Amino acid sequence: MVDQQQPEPSTGSRLAVAKTYKLYLGGKFPRSESGRTYPVFDSAGGFLANAAQGSRKDARDAVSAARKAFAGWSGATAYNRGQVVYRIAEMLEGRRADVAEVVAAGEGVDVAAARNTVDLAVDRLVHYAGWTDKVATVFGGANPVAGPFFAFSVPEPTGVVAAVAPRDDSLLGLVSVLAPIVSTGNSVVVVASQTRPLPAIVLGEILATSDVPGGVVNILTGSPAEMFPWLARHGDVNALDLTGADPDQRGSWERDAAGTVKRVFSPPPTDFTRSPGTARLRAFLETKSVWHPTGSLSLSGGSSY
Amino acid sequence: MDWQYASAPENASIGRVKPRYQPFIDGVFADGSGADAPTINPGTGETLAQVSQSSVADVDRAVGAARAAYTDVWGPMSGTERGKYLFRIARAVAERSRELAVVETLDNGKPIRESRDVDIPTAAAHFFYHAGWADKLEHAGLGPSPQPLGVAGQVIPWNFPLLMAAWKIAPALAAGNTVVIKPAETTPLSLLVLAEIFADAGLPPGVVNIVTGAGDVGEALVNHRDVDKVAFTGSTEVGKRIQSSLAGTGRRLTLELGGKAANIVFDDAPIDQAVEGIVNGIFFNQGHVCCAGSRLLVQESIAEEFLDKLKARMATLRLGDPMDKNTDIGAINSAEQLARVTALADVGDAEGAQRWSPPCVLPDRGFWFPPTIFTEVSQAMRISRDEIFGPVLAVLTFRTPEEAVAKANNSPYGLSAGVWTEKGSRILGMAGALRAGVVWANTFNRFDPAAAFGGYKESGFGREGGRAGLAAYLDSGDY
């Protein structure tokens, strides 16, 4: 498994081409503007690769990209969003084998277990692909108000969400965090697992080829402790998902969020192998209530304004 | 011939206002350990009653009573039984509605017409609506077995004292939580009368506890370690402070904060109805409404005609005795709030906007501010950015729907918005494009317990009313 990540000494006449792992921002794969990288090790401590060590500037660029993408993504039809999320599942399915290898290397599980994780991640994406066009029906509806008004409530995406991916569950945890955020029409900046970033970077490659518009998902690698406070305080970030944050980080970042009244989703420890409920889907939805009189033709005998 | 209305004052004695009120803890009215403080009738500036103030120790006692009631009585009780208590309360509020309306108007300064026709009936409706949820929580869309959170600590503002109490208490109790609630220090009376109704309804002691006092008591309540859920309605500034102080505690929080709503009038709007809606949007409750339509965006092509009609309508508004049934605009709630409104309006002058008020005689006692509009307003001015929370309207213009949306959304707030046009597709398009929790189209300031209410952005998070509102008081457990 390691030989895909790390340049082997020449075997015969051929030297393997080692890969440079980068960030995924705005649909592109830049290096960190800081020029920094950090080494990523496998579970046994062996060198796997260098990953980009994202900076405050990278985090801000990611927010800009996410904001830019938000209007188009949230304005797309739910049917379209569902197809795109399903397309991610298709592409991940197609790369099961190599994704399983990076998962196995990082998490120290055997390849069979890693494949199972990848399969669950594919299934999770399929699950959320089916939610996009049901969210409004299930969580919105007509309000039977006591007056001559047509009143309805619809869920709408909150906006740009900054998320910390789980530290250990580097693929399934990440997908379980991302999928509900984007399925409901939000755009996201996620800080990947610091110690196990490679599945996230490979997922970025999959997203880039999955019809997901650039900027809808932005993946930062590096230190959450270094980058996330800037995201938590950023005026153009609407909400935080602290699934992967330490308890003490949560307190600090929740405090940062208060400056701009951000929504904060800070769930209890979660077993991502279980099928999910709807808390994650609901976490970054606003409810908008719209009222209109029904009496303008005097048909219902009520107020006309 | 003089066609003025004869005055038609409501009888103050119907309010049965007592000389002194006490906090309500564990089913008992008893003195708080703070000193007494007066509550003022804003319409006259005179002391209405003395209110025994709570201290931090009283908050502790109230939370303890709520915890015990949650553990022993309210938590284990079936939803059917909880619902029956709430139905009883709804009925009793309706039965005592005239008394409550009088108390509310005397203590708050709002016109009796509004307390009688809006505040009290809507408060009763909230109890009635939520009563029906108590035994149907598994159908609320929050997973198969949503659980109450425990003790809810609630802090409510002075603009709709009884209505805000109903918004907070009814869903909390329906979901199986118990409550400690603090009314604003300037308007505690109607909630303390509601406590009598709780007692009469046989609500078990400790299920709802009312502490009195100012910000320090509220702070002790929201930061109390045995409170599981905090709900706050009030200023964005205080909301941010609460969110910050709860960070890392795991306690649940919902915030209903300020607003600076755009009321958008297109050139094809039904003009007379739009004028009425603009007036209702900003002058209802003296503009002491977080969702007040405080920014008028009028399409340039009709701005002149529209403003003429608006001014003509404003000239007919009757300002004065809140207890008079003909009064449209009552008193500003407190001397402090009057100072704030006055100061912000003065900033409007200083920044170059044009102030206009109809000829209007202000009573010589009490706290008063005339209905006021500012024209020649730019988006950068404080009167078009800051929440004034008074009867002050900032008027801006626009040319295209895109410009209207951009200007409306150009605010850190996102609580409500209004759209006035006869074109259906434009209404729905605007409703989708506006980043606000409530969009009123060809109407304004409509409230109903069945319709979710709450903000986007810095207007807060969480909803009140409807299924979405119940979520604030339940742990779905379905992560």
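Any read-out appearing in this document is the output of simple, stated calculations on the displayed coordinates, not a laboratory observation. Computed from a predicted model, the values in this text were never measured in an experiment. As a convention, Cβ positions derive from the backbone with ideal geometry for all residues, glycine included, and neighbour counts pool all protein chains shown.
Data overview
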{"item": "Those residues of the stretch A:242-275 which are in a helix (DSSP H, G or I) and under 14 Å from B:Q243 (Cα atoms), in sequence order", "result": "A:R250, A:G251, A:S252, A:W253, A:E254, A:R255, A:D256, A:A257, A:A258"}
{"item": "Qualifying strands (runs of 3 or more DSSP E) (wholly inside the stretch A:147-225; at least 1 residues being more than 28 Å from A:A104 (Cβ to Cβ))", "result": "A:149-157, A:160-164, A:187-191"}
{"item": "Residue in the stretch A:226-241 that is surrounded by 18 or more Cβ atoms within 10 Å (Cβ to Cβ) and at the interface with chain B (Cβ under 7 Å from one of its Cβ atoms) present", "result": "no"}
{"item": "Positions within the stretch A:11-33 being of a type in the set (G, A, S) and under 26 Å from A:R56 (Cβ atoms), in sequence order", "result": "A:G26, A:G27, A:S32"}
{"item": "Residue in the stretch B:389-401 that is surrounded by 17 or more Cβ atoms within 10 Å (Cβ to Cβ) and within 14 Å of another protein chain (Cβ to nearest Cβ) present", "result": "no"}
{"item": "Among (1) touching a helix residue (DSSP H, G or I) at 6+ places or on another chain (Cβ under 6 Å); (2) within 29 Å of B:P38 (Cβ to Cβ), the one test that B:P205 misses", "result": "(1)"}
{"item": "Leading residue by the ranking (nearest to the other protein chains (Cβ to nearest Cβ)) among those in the stretch B:265-282 that are surrounded by fewer than 17 Cβ atoms within 10 Å (Cβ to Cβ) and assigned to a helix (DSSP H, G or I)", "result": "B:D272"}
{"item": "Residues that are more than 7 Å from chain A (Cβ to nearest Cβ) and buried (at least 24 other Cβ atoms within 10 Å of the Cβ), drawn from the stretch B:458-468", "result": "B:S459, B:E464, B:G465"}
{"item": "Candidate set from the stretch B:283-293 (those that are farther than 12 Å from B:T443 by Cα and of a type outside the set (S, T, N, Q)); member that is farthest from the other protein chains (Cβ to nearest Cβ)", "result": "B:H288"}
{"item": "Hits in the stretch A:257-297 - residues which are surrounded by fewer than 18 Cβ atoms within 10 Å (Cβ to Cβ) and more than 7 Å from chain B (Cβ to nearest Cβ)", "result": "A:P269, A:D271, A:T273, A:R274, A:S275, A:T294, A:G295, A:S296, A:L297"}
{"item": "Enumerated helices (runs of 4 or more DSSP H) restricted to the stretch B:1-113, each holding at least 2 residues that are touching a Ser or Thr at 6+ places or on another chain (Cβ under 8 Å) and in contact (Cβ under 8 Å) with a residue 40 or more places away in the chain", "result": "B:56-69, B:97-108"}
{"item": "Residue in the stretch A:138-160 that is of a type outside the set (F, W, Y), within 30 Å of B:F453 (Cβ to Cβ) and under 11 Å from the mean Cα position of the chain (by Cα) present", "result": "yes"}
{"item": "Number of the condition not met by B:G218 [criteria: (1) in contact with a Lys or Arg (Cβ under 6 Å, 6 or more places away or on another chain); (2) farther than 13 Å from B:V155 by Cα]", "result": "(2)"}
{"item": "Residue list for the stretch B:334-357, restricted to those being touching a strand residue (DSSP E or B) at 6+ places or on another chain (Cβ under 9 Å) and in a loop (DSSP other than H, G, I, E, B)", "result": "B:S334, B:A353, B:S357"}
{"item": "Members of the stretch B:451-474 found to be assigned to a loop (DSSP other than H, G, I, E, B) and in contact with a Leu (Cβ under 8 Å, 6 or more places away or on another chain), listed by number", "result": "B:G454, B:G455, B:E458, B:S459, B:G460, B:F461, B:G462"}
{"item": "Pairs, first on the phi < 0 side of the Ramachandran plot in the stretch B:333-346, second in a helix (DSSP H, G or I), C-beta under 7 Å, six or more apart", "result": "B:N333/B:N108; B:L344/B:R382; B:L344/B:I383"}
{"item": "Flag if A:A165 is surrounded by 24 or more Cβ atoms within 10 Å (Cβ to Cβ) and under 19 Å from A:V63 (Cβ atoms)", "result": "yes"}
{"item": "Looking only at the stretch A:63-109, and only at residues there that are in a helix (DSSP H, G or I) and among the hydroxyl-bearing types (S, T, Y), the one that is farthest from A:S43 (Cα to Cα)", "result": "A:Y79"}
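Residue-wise test of (1) touching a residue at least 40 places away in the same chain (Cβ under 8 Å); (2) more than 22 Å from A:P267 (Cβ to Cβ); (3) within 14 Å of chain B (Cβ to nearest Cβ).
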| residue | (1), (2), (3) |
| --- | --- |
| A:D98 | yes, yes, no |
| A:G140 | yes, yes, yes |
| A:P144 | no, yes, yes |
| A:P148 | yes, yes, yes |
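For every residue, the table says whether it meets (1) at the interface with chain A (Cβ under 7 Å from one of its Cβ atoms); (2) within 26 Å of B:A170 (Cβ to Cβ); (3) crowded, with 21+ Cβ neighbours inside 10 Å.
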site	(1), (2), (3)
B:S425	no, no, no
B:G429	no, no, no
B:A433	no, no, no
B:A441	yes, no, yes
B:N445	no, yes, yes
B:F453	yes, yes, yes
B:L470	no, yes, yes
